[in-house]
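Presented below is the structure to which this report refers.
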Amino acid sequence: MLRALDAVTGRERWTFSVGDKAGAATISNGLLFVHDDKGTLFALDTGAGKVRWTQRFDSAPSPRPALMNNTLYAGATNGVLGFDPPTGHITFRLDKSDLPGGLWVYVNDLTPWAGALYCSMGSKTLVALRA
């Protein structure tokens, strides 16, 4: 369960159920991005807690969505997707078939840094994507 609290009063402003387990949230420009453990990524309005858009993955997305250059990235076993944060439209797609055979395992983490998106895949692979 996500709970938004008023910073001054501490009172609950809204709640949102993400099931048994939620990933780490990313917040930007009045939107909160979080996924559940069943493979759905949610974009919530931070003011009211209302769902703005959702995206379903084949498996639970990487632990935390990453923002870089006005694109929200999320990875899972089937690839990395980039979204327009306000609308949820897909603006980037990297399928495991785009990489050399045997390189793809699953996305553990996404880290934006110095103009690249670093994708930690499995236990031995790090891929840098220029965005």
Practice problem: Kindly list the number of the only condition in (1) in contact (Cβ under 8 Å) with a residue 40 or more places away in the chain; (2) buried (at least 18 other Cβ atoms within 10 Å of the Cβ) that fails for VAL18. | Solution: (1)
Self-check item: Per-region count, segment 66-78, residues over 13 Å from GLY39 (Cβ atoms) and not hydrophobic (A, V, I, L, M, F, W, C)
Solution: 4
Self-check item: Scope segment 103-128; condition aromatic (Phe, Trp, Tyr), under 17 Å from the mean Cα position of the chain (by Cα) and either farther than 20 Å from VAL34 by Cβ or at pLDDT 75 or above (or both); matching residues
Solution: TRP113, TYR118
Exercise. Scan segment 83-102 for residues that are of a type in the set (Gly, Ala, Ser) and either in a helix (DSSP H, G or I) or within 14 Å of the chain's Cα centre (by Cα) (or both) and jot them down.
Key: GLY88, SER97
Quiz item: In segment 18-47, what residues are at pLDDT 90 or above, assigned to a loop (DSSP other than H, G, I, E, B) and within 17 Å of GLY88 (Cβ to Cβ)?
Solution: ASN29, GLY30, THR46
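The values are calculated or read from the model by the stated rules, or taken from the named source; none is laboratory data. These figures come from a predicted structure and were not determined experimentally. Positions of Cβ are generated from backbone atoms using ideal geometry, with glycine treated the same way; all protein chains shown enter the neighbour counts.
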